[in-house]
Amino acid sequence: MKQFLIAAGCILAMVTGLAQAQERPLRIAFDVPYEPFEYRTPEGELTGFEVELAEAMCEEMNRECDFVVQAWDGMIPGLMARKYDAIMSSMSITEQRAKRVLFSEPYYRTPGGWFAKKSTSVDVTDRSAMEGRVVGVQRGTTMDNYVTENLGNIVEVKRYTTADDMALDLESDRLDLVFVDYPVGEEYFLTRDNFKEIGEPVKLGKGVAVAMRKRDKALAKEINKALETLKNDGTYDAIMNRYFDYSIKM
C-alpha cells in the first residue's frame with residue numbers, strides 16, 4: 001500500500017507539473033534585429049517571418065506565448081538558465097548544438113550568400129583570389145562556421161552581432177565581403193545601391209529548427225505537430241510568401 005501511495009503521488013506530481021507548465025505562457029526567444037526573420041516595425045512592434053510563424057504555431061497549440069528578445073551570443077545559455085522555453089531565431093541544426101539542445105523538425109532551409117560593394121571583383125571559389133580578404137560574419141552562426149572551417153587559414157574573419165554593423169563596416173571598406181543568411185543579405189545589402197551579390201548561394205546544413213531543453217520532449221512533440229499542421233493547411237506558405245519571393249520550405 002505504501003509503495004502504491006508513493007507511485008500515485010509521483011504520478012499526481014507529474015500531472016500537476018504538466019498542467020502548471022501548460023497554464024503559464026510559453027516563452028520563445030528571438031535575436032532582434034535579424035530582418036526579415038525577426039525585427040521591429042517603426043512603431044516598435046515585433047514582427048518578421050519567424051515571429052508570425054511562432055504566433056501561428058502558438059495559436060495552433062492553443063498556448064499563450066510570450067516573446068523574449070535575446071542577443072545571439074546568449075541564446076543557448078539563456079535557454080539553459082530557463083529564461084525562456086524555446087529558441088525560434090534562425091538556429092541551424094548542427095551536431096555541436098544538438099549535443100546541448102533538443103531540436104524540432106526543421107521548418108526552413110536557406111543558403112548562405114556572399115555580398116560586397118559593387119566595385120568588388122573576386123571569385124569566392126578561388127582560394128588564391130580570397131587570400132588576405134577580410135570577411136564579415138555573424139558570430140556563432142552556420143555562416144561563421146563555414147567561413148572559419150573552409151577559409152579561416154587564408155582570410156581574416158571578423159565577427160559581428162548584427163547585420164547592421166556588418167553593413168556599416170562593408171560600406172566603410174573595413175570589410176571586403178560578408179557571408180550571411182541569403183534572405184538577410186537580400187534585405188540588408190541588395191536593397192542598397194552600392195552593394196551586390198558575389199558568386200552563387202551556398203547550401204548549408206540540415207535546416208533551421210526550434211531549439212528546446214533536452215528534457216522537453218513533450219513540448220517538442222507538440223511543436224512538431226503544430227508546425228506540420230501549418231505546413232499542410234497553407235498557413236506556412238501564406239506567411240512565407242509575405243516575406244520571400246521564393247520557397248524556403250524544407
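Quickly run through region 1-45 and pick out the residues that are exposed (fewer than 10 other Cβ atoms within 10 Å of the Cβ) and modelled with pLDDT of 95 or more. Scanning region 1-45 gives 41, 42, 43, 44, 45.
Restricting region 100-143 to residues that are more than 16 Å from residue 199 (Cα to Cα) and aliphatic (A, V, I, L, M), the residue that is farthest from the chain's Cα centre (by Cα) is 134. Looking across region 47-86, the residues that are within 19 Å of residue 107 (Cβ to Cβ) and of a type in the set (Gly, Ala, Ser) come down to 48, 54, 56, 86.
If you go through region 76-91 and pick out every residue that is surrounded by fewer than 22 Cβ atoms within 10 Å (Cβ to Cβ) and not in a loop (DSSP other than H, G, I, E, B), you end up with 4.
One line per residue, one yes/no per condition, for (1) within 30 Å of residue 63 (Cα to Cα); (2) assigned to a strand (DSSP E or B); (3) at pLDDT 95 or above; (4) open to solvent by 50 Å² or more (accessible area, probe 1.4 Å):
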| position | (1), (2), (3), (4) |
| --- | --- |
| 136 | no, yes, yes, no |
| 147 | no, no, yes, no |
| 164 | no, no, no, yes |
| 185 | no, no, no, no |
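Here region 94-105 is the region considered, the condition is being at pLDDT 95 or above, open to solvent by 10 Å² or more (accessible area, probe 1.4 Å) and assigned to a loop (DSSP other than H, G, I, E, B), and the residue that is nearest to residue 240 (Cα to Cα) is 105.
Could you identify the single residue in 202, 210 that is under 22 Å from the mean Cα position of the chain (by Cα), within 30 Å of residue 83 (Cβ to Cβ) and open to solvent by less than 60 Å² (accessible area, probe 1.4 Å)? Show your work before the answer.
Numbers: 202 fails: within 30 Å of residue 83 (Cβ to Cβ).
Answer to the check: 210.
Restricting region 168-183 to residues that are crowded, with 22+ Cβ neighbours inside 10 Å and at pLDDT 95 or above, which is farthest from residue 121 (Cα to Cα)? Don't jump to the end; show me each part of the working.
Step one: of region 168-183, the residues crowded, with 22+ Cβ neighbours inside 10 Å are 170, 175, 177-183.
Now restrict to residues that are at pLDDT 95 or above: 170, 175, 177-180.
Working: 170: 14, 175: 14, 177: 10, 178: 14, 179: 15, 180: 18 Å.
Checking each candidate, the answer is 180.
For residue 51, the criteria (1) touching a residue at least 40 places away in the same chain (Cβ under 8 Å); (2) touching a strand residue (DSSP E or B) at 6+ places or on another chain (Cβ under 7 Å); (3) over 15 Å from residue 140 (Cα atoms) hold in every case but one, which is (1). When the criteria are applied in full, residue 52 fails the requirement of being more than 30 Å from residue 187 (Cα to Cα) and at pLDDT 95 or above. Close contacts from region 109-131, counting a first residue that is among the small types (Gly, Ala, Ser) and a second that is open to solvent by 20 Å² or more (accessible area, probe 1.4 Å) and in a strand (DSSP E or B), with Cβ to Cβ under 7 Å and a gap of 6+ residues or different chains, come to 112/201; 112/202; 113/197; 113/201; 116/196.
Which members of region 106-128 meet the condition of being within 30 Å of residue 218 (Cα to Cα) and in a helix (DSSP H, G or I)?
Hits for region 106-128: nothing passes.
Only one of the numbered conditions (1) in contact (Cβ under 8 Å) with a residue 24 or more places away in the chain; (2) loosely packed, with under 14 Cβ neighbours inside 10 Å is not met by residue 222, and that is (2).
If a residue must be assigned to a helix (DSSP H, G or I) and surrounded by 18 or more Cβ atoms within 10 Å (Cβ to Cβ), how many such residues does region 149-158 contain?
1
The values are calculated or read from the model by the stated rules, or taken from the named source; none is laboratory data. For clarity, every value in this text was computed on a predicted model and none was experimentally measured. We place every Cβ from the backbone using ideal geometry, glycine too, and count neighbours over all the protein chains shown. Each accessible area value is taken on the protein alone, full model and side chains, heavy atoms only, with ligands, DNA and RNA left out. Shrake-Rupley method; radii C 1.70, N 1.55, O 1.52, S 1.80 Å.
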